[in-house]
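Contents: one structure, followed by commentary.
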Amino acid sequence: MKIKAILLLSASALLFTGAQAFAQAATSSQGSSASGGQVVSDKDVQLLRQDLRSKKKQLIAANLKLTDAEATKFWPVYDQYADELTKINDVKIALVKDYANNWGTMTDAQALDLTKRSLDVEAQINALRTKYVPIINKVLPGTKTATFFQMDRRIGMMMDLQLASQIPLVQDQN
């Protein structure tokens, strides 16, 4: 168990590093980011996101104890789930870019709109997880289904925390 925890922490550190670079990339706006970072192209952000998805899959594979039969059934379902999650995260990326583009001149109405859209994205992620619990439970027993969703949520929260820590507060724009 200690070895798995060490693996999880090591992989988490990789995800944190990637999430931090992603936050700096996503908040880049016309030559500088809200936090003073360098310009990163949309292609760079896309490549970083692919790398994060790959690391997430590796982390899950290393820590979710699957038999060969379970793995054969699980990974195609996981890939479908990940594809749907990516589409939702595309909206999240657009929100971060919108935030970065308006930071410094954001109106009350824009700030409220971004807040509502952000909450909608979180609701979509929760709805996706709710949708996939019975689907994954068809290919994995309950304990492994629960373990997958624990890992998925933890990884997501770590990445969200790192992203949020890189984005300045709205009130600090003045």
**Q.** Failed criterion for THR130 (all others in (1) in contact (Cβ under 8 Å) with a residue 12 or more places away in the chain; (2) in a helix (DSSP H, G or I); (3) of a type in the set (Ser, Thr, Tyr) hold)
**A.** (1)
(Q) Restricting to the range 83-111, give me the number of residues that are closer than 21 Å to PRO168 by Cα, free of Cβ contacts under 8 Å to residues at least 60 places away in the same chain, assigned to a helix (DSSP H, G or I) and among the polar types (S, T, N, Q). (A) 3
(Q) I need the full set of residues from the range 53-68 which are in contact (Cβ under 8 Å) with a residue 24 or more places away in the chain and outside any helix (DSSP H, G or I), in order please. (A) LEU64, LYS65, LEU66
Q) Quick one: LEU47 ticks every box in (1) at pLDDT below 55; (2) exposed (fewer than 15 other Cβ atoms within 10 Å of the Cβ); (3) hydrophobic (A, V, I, L, M, F, W, C) bar one, so which box is it? A) (1)
(Q) Being part of a helix (DSSP H, G or I) and more than 17 Å from the chain's Cα centre (by Cα) is true for just one of LEU114, LEU119. Which residue is that? (A) LEU114
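The values are calculated or read from the model by the stated rules, or taken from the named source; none is laboratory data. Keep in mind that this is a model prediction, so the values were computed, not measured. Neighbour counts are summed over all protein chains in view; Cβ atoms, including those assigned to glycine, are modelled from backbone coordinates with ideal geometry.
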